[in-house]
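**Q** Right, I'll just put the structure down here and ask away after.
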Amino acid sequence: MQRDTNSSDRIGRRKYLALSAAAAVGLAGCSGSEGGATGTDEDTPTDTAEPTATSTATPTATATPTATASESTVDTSSPAATSETLYEVLYGDDDIEGANALYHPESPAPPIKAENFEAYGGVEALDTNILSTEVVRQNGPRATVYVEVEYSSPAGTAEVTDYVYLRKQDDQWLINVWLPQTSRQRTAKEKVEEFYSVLYDDNDIEAANELYHPESDAPEITAEDFEPYGGLESLEASVESTEVVSDENERAEVHAEIEYTSPAGSTTNTDWLFLRLRGGAWFVDRWVPESVRDSGTATATSTPTSDG
């Protein structure tokens, strides 16, 4: 059975779960990677982060609807211009208030704060060099921009690709969600952990299905999938580790080491999860447990299995 992509209730509940998963503000450390798909008009809040020697990140923000005075020229005339202005104001001028002023008044993202940069010696200790900007999508008053940027900190430098989701207000393009690469990769891992927690800790099949992207072609998880193991309540799953092995074009592939426990015993498998961004929030696109791969199943499904 294909996933119901026409139910506004299901999509709305998925968005609620995405919001609760991504709303926390925090700094990211070493990064992984993330991946690509189509975006929608739904933008959701993301985390903050900043660069390290091996990876990078940046803070998210929200705030006032119009830009304030800054040393840099504030240009919000196009999606690319606003994206570049964000880095110039925040990292060139060290102007947190000015960066917050670039956000759409209805942005769900939390404001940038000075505390976000304390671990790196303050925002003045960080610098960026924009290598390129690409408007990958522009539909009416919404746009998505990829920013290839080099971050420099006392720990070193790193080149990454950040995503900026924008909304137009009058004649200004303002930021709705800023999704730095390190934050993307961290939240991709968190989405995987949430998926296993909802399914195996909460035994909530409906909620697990709602973590799927509305355009996923994976079949829905059903109670019958667990009958060979005595039912879902007879199974436990512990996430031992996660690794983002690819992060490109708003899609990510995450490999998760999972210890499954059933009445028959325990086993540790490497499951694959493919994620898609939807307006800045991660959703599961496909779940490919190791036991499904070993069984020779032709196509990846969302059906969980454990060899234990």
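The values are calculated or read from the model by the stated rules, or taken from the named source; none is laboratory data. Since the structure is predicted, the reported quantities are computational estimates derived from the model, not experimental observations. Here the Cβ positions follow ideal geometry from the backbone for every residue, glycine too, while neighbour counts run over all protein chains shown.
**Q** Are any residues in region 124-135 under 20 Å from residue 78 (Cβ atoms) and either surrounded by fewer than 15 Cβ atoms within 10 Å (Cβ to Cβ) or in contact with a His (Cβ under 6 Å, 6 or more places away or on another chain) (or both), and if so, which ones?
**A** Passing the criteria: 131, 132, 134.
**Q** Still on this structure: Here are 113, 191: which of them is assigned by TED's automatic domain parsing to the domain that holds residue 287 and either basic (Lys, Arg) or at positive phi (or both)?
**A** Answer to the check: 191.
**Q** On to the next question. Collect the residues in region 252-282 that are buried (at least 22 other Cβ atoms within 10 Å of the Cβ) and either assigned by TED's automatic domain parsing to the domain that holds residue 165 or farther than 19 Å from residue 238 by Cα (or both), keeping them in residue-number order.
**A** The answer is 252, 275, 276, 277, 278, 280, 281, 282.
**Q** I need the full set of residues from region 97-133 which are without any contact (Cβ under 8 Å) to a residue 40 or more places away in the chain, of a type outside the set (Gly, Ala, Ser) and touching a strand residue (DSSP E or B) at 6+ places or on another chain (Cβ under 6 Å), in order please.
**A** 127, 129, 131
**Q** Within region 287-299, can one find any residue that is in a strand (DSSP E or B), out of contact with any helix residue (DSSP H, G or I) (no Cβ under 8 Å at 6 or more places or on another chain) and in contact (Cβ under 8 Å) with a residue 24 or more places away in the chain?
**A** no
**Q** A further question on this structure: For region 65-88, indicate whether the set of residues that are of a type in the set (A, V, I, L, M, F, W, C) and modelled with pLDDT under 90 is non-empty.
**A** Yes, some residue in region 65-88 is of a type in the set (A, V, I, L, M, F, W, C) and modelled with pLDDT under 90.
**Q** Examine region 163-180 for a residue that is in contact with a strand residue (DSSP E or B) (Cβ under 6 Å, 6 or more places away or on another chain) and more than 18 Å from residue 108 (Cα to Cα), and state whether such a residue exists.
**A** Checked region 163-180: no residue is in contact with a strand residue (DSSP E or B) (Cβ under 6 Å, 6 or more places away or on another chain) and more than 18 Å from residue 108 (Cα to Cα).
**Q** While we're on this one: In region 127-157, which residues are over 20 Å from residue 175 (Cα atoms) and either under 19 Å from the mean Cα position of the chain (by Cα) or not in a strand (DSSP E or B) (or both)?
**A** Within region 127-157, 154, 155 qualify.
**Q** Among the residues of region 283-308, count how many are hydrophobic (A, V, I, L, M, F, W, C) and either at pLDDT below 90 or surrounded by fewer than 18 Cβ atoms within 10 Å (Cβ to Cβ) (or both).
**A** Total meeting the criteria: 3.
**Q** Which residue pairs have Cβ atoms closer than 7 Å, lie 6 or more positions apart in sequence or on different chains, and pair a first residue in region 262-280 that is under 30 Å from residue 108 (Cα atoms) with a second residue that is surrounded by 15 or more Cβ atoms within 10 Å (Cβ to Cβ) and among the polar types (S, T, N, Q)?
**A** Cβ pairs passing all conditions: 278/40; 279/40; 279/44; 280/44; 280/46.
**Q** Also, I was wondering about something else. Conditions: (1) in contact (Cβ under 8 Å) with a residue 60 or more places away in the chain; (2) surrounded by fewer than 18 Cβ atoms within 10 Å (Cβ to Cβ). Residue 235 meets all but one. Number of the miss?
**A** Answer for residue 235: the failing condition is (2).
Matching residues to (1) crowded, with 22+ Cβ neighbours inside 10 Å; (2) at pLDDT below 95; (3) in a loop (DSSP other than H, G, I, E, B):
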{"position": "167", "(1), (2), (3)": "yes, no, no"}
{"position": "175", "(1), (2), (3)": "yes, no, no"}
{"position": "206", "(1), (2), (3)": "no, no, no"}
{"position": "221", "(1), (2), (3)": "no, no, yes"}
{"position": "241", "(1), (2), (3)": "no, no, no"}
{"position": "249", "(1), (2), (3)": "no, yes, no"}
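**Q** Just a yes or no: is a residue in region 132-152 outside the structural domain of residue 79 (by TED's automatic domain parsing) and of a type in the set (Asp, Glu)?
**A** no
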